[in-house]
Amino acid sequence: MDRLDTVERLIMVRMKRLPFKTSARWAWAMALALPVSSMAQLRLPPPSPDSNDGGFTWSLGTSVNNGPSYAGSAERSTGVRPVIGLEVGRFTLSSGGGGSLLDFDIDARDSGLTARLFQLDNFRLSGGLRLDGGRKGADDPILRGLPDVERTLRGRLSAIYDFNKHASLRSTLSQDLLGKQGGATLQTLARYEFLISPRTEVGFALGFTLADATYMRSYMGVPASAAGTTTALPAYQPSGGMHSTHLGLEVKTLVSDRWVLFGGVGYSQLRGDARRSPLAVKPDSYSVSLGLAYRCCR
């Protein structure tokens, strides 16, 4: 805001020196320009993929999240998680959605460590790594007696196309790299973002997720070795295909020059073999989140 105060003082000096009609024209012109300056504060210019700038941007905060214990669960859980984001050149480190707060721009910033690999006009590729926490039987009563899904490291490749400054399409392939039966998923997401004020941005997202047989059997299957012995659930062996569809709304607003208040609601539906799983007690679910973070400083 110091920049805006300086501009306003300059305007007042100019108005005192100019005749009334000229001053009025200056006042109208600057009145129209000030919201644009505020928008520039909200949306920091992203660095060029080929830039060698040594500067960095970071965000740090916390968020409260409420959602199902796992996809398909009838149980809900609420937790507090850290929000971390760091961008250095073409590399971004993000956790808890912190990467999306580095700039109010159309790039959603994947979780984990991401590198921008290639960009041509409105099309770009990024690659990254992310830790996948897996799933424990203790996460939900219905999971007790089922094999745990082990933690693993996932590799990720994303293709993004920006139609304009508001709309984008992203497709992300995520693969278990350690052979922990995490399988692979392909998520495609369309986003539309716009400013409702110089300090507040709203974003809508609509998409779907495909999963291979390994992922589906680990997360939605019931192995024959466990059915009727360690669990009362019947054996179920899903195939690969459509896993789920998603709809989301996000809001970010600057409460000061550096503090960002953000939140969102999401709605998801399991599809295909995932929806037919005995683990899909509640195949339609929603999630909500609210957080506060500090961001600084390129």
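The values are calculated or read from the model by the stated rules, or taken from the named source; none is laboratory data. Nothing here was measured: the structure is a model prediction, and the numbers come from that model. Neighbour counts are summed over all protein chains in view; Cβ atoms, including those assigned to glycine, are modelled from backbone coordinates with ideal geometry. Each accessible area value is taken on the protein alone, full model and side chains, heavy atoms only, with ligands, DNA and RNA left out. Shrake-Rupley method; radii C 1.70, N 1.55, O 1.52, S 1.80 Å.
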Candidates GLN187, GLN181, filtered to the one that is open to solvent by 30 Å² or more (accessible area, probe 1.4 Å) and in contact with a helix residue (DSSP H, G or I) (Cβ under 6 Å, 6 or more places away or on another chain): GLN181
Would you mind finding the one in PHE204, PHE194 that is over 21 Å from THR114 (Cα atoms), touching a Phe, Trp or Tyr at 6+ places or on another chain (Cβ under 8 Å), free of Cβ contacts under 8 Å to residues at least 60 places away in the same chain and open to solvent by 50 Å² or more (accessible area, probe 1.4 Å)? PHE204
Where a residue in region 268-279 is farther than 22 Å from LEU189 by Cβ and its partner, wherever it lies, is among the hydroxyl-bearing types (Ser, Thr, Tyr), with Cβ under 9 Å and at least six apart: ARG276/TYR236; SER277/TYR219; SER277/TYR236; PRO278/TYR236; LEU279/TYR70; LEU279/SER73; LEU279/TYR219; LEU279/TYR236
